[in-house]
């Protein structure tokens, strides 16, 4: 079946989720960067940051409660995390290319309120899309089945006419369970070429 809708994740697809570079910018030692990355961005609690049931401030306090010796550093890193994600220079052109081929472009991304609000204001690619489902707005996160179902229902999508690009195998598997084709984004240039072939 011909692809009619391209569904994009944001982190590591349209924008770099660059937590290692972000921590380095604070001047922490390499060992401390690794430790802080492990206790923040690799903790399952990070999913709750994106779920949006609790506020970002509440999540920060939970992190501080779990790691009280790092309270000051956790606040430095998470109070204003706007540079944690940076749009790739060619992402807006990627959305324009999809539109130029007559296809719809939607978002499906795990994102917190604070950081998505900032990203939508500053990332051209997000404003060019035709809508989408963002985790904090729905109080559900990928790869939970309901987030895919909600996107399909909201936009009356034919799953077989969709392709989803994400950097997480688990998230791709979640989409495949609904009959959506997927492209696992490990190299963006390769993924873009693969998408072009599907849309040709």
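What follows is calculated from the coordinates using simple rules that are stated; it is not laboratory data. Treat the numbers as computed from the prediction; the structure is a model and nothing was measured. Don't worry about glycine lacking a Cβ; one is built from the backbone with ideal geometry, like all the others, and counts go over all protein chains shown.
Averaged over residues, the count of other Cβ atoms within 10 Å places the peptides 89-96, 23-30 in the sequence 89-96, 23-30, highest first. Distance between the modelled labels on residue 90 and residue 62, one decimal in nanometres: 3.8 nm (7 Å Cα→Cβ projection). Between 12, 171, 80, the GNM of the chain built on Cα springs shorter than 10 angstrom shows 80 fluctuating the most.
Set the Förster radius R0 to 30 Å, insert the Cβ-Cβ distance between residue 47 and residue 101 as r into 1/(1 + (r/R0)^6), and round the FRET efficiency to 0.05. With R0 = 30 Å, the Cβ-Cβ based efficiency is 0.35. Entry note, the chain: the mean residue ellipticity at 222 nm calculated from DSSP H runs of n ≥ 4, each adding -39500 (n - 2.57), is -14000 deg cm²/dmol after division by the residues and rounding to the nearest 500. Would the range 54-153 count as rounded, prolate or oblate if I go by the C-alpha gyration tensor, calling it rounded below 1.5 in a/c and otherwise prolate when a/b exceeds b/c, oblate otherwise? It comes out oblate by the Cα gyration axes. Modelled label positions at residue 82 and residue 193, each set 7 Å beyond Cα in the direction of Cβ, lie 3.7 nm from each other.
Does the chain come out rounded, prolate or oblate by the C-alpha gyration tensor, with a ≥ b ≥ c the root eigenvalues, rounded set by a/c under 1.5 and, if not, prolate when a/b is larger than b/c and oblate if not? Prolate, because a/c is 1.5 or more and a/b exceeds b/c. Ranked for footprinting exposure by Cβ neighbours inside 10 Å, fewest first, 82, 22, 118 give 82, 118, 22.
Once the Cα atoms are used to define both axes, helix 91-100 deviates from the longest principal axis of the chain by about 20 degrees.
Each DSSP beta bridge with both residues in the chain is either parallel or antiparallel, and the antiparallel ones are about 15%. Taking other Cβ atoms within 10 Å as a rough exposure proxy, 180, 3 sort from fewest to most as 3, 180.
Between 0 and 90 degrees, the angle of helix 188-199 with respect to the longest Cα principal axis of the chain falls at about 20 degrees.
Cβ-Cβ distance of residue 138 and residue 20, R₀ of 41 Å, FRET efficiency by 1/(1 + (r/R0)^6): the value works out to about 0.90.
Contact order for the chain, expressed relative to its length and based on alpha carbon pairs under 8 Å spaced 6+ residues apart, stands at 29 percent. List the relative contact order of the range 17-84 as a percent without decimals, with contacts defined as Cα pairs under 8 Å and 6+ residues apart. Dividing the mean separation by the residue count of the range 17-84 yields 33 percent. Give the angle, between 0 and 90 degrees and rounded to the nearest 10, that separates the Cα long axis of helix 56-66 from the longest principal axis of the Cα atoms of the chain. Once rounded, one gets 50 degrees. Listed by Cβ neighbour count within 10 Å, with the fewest neighbours leading, 162, 172 appear as 172, 162.
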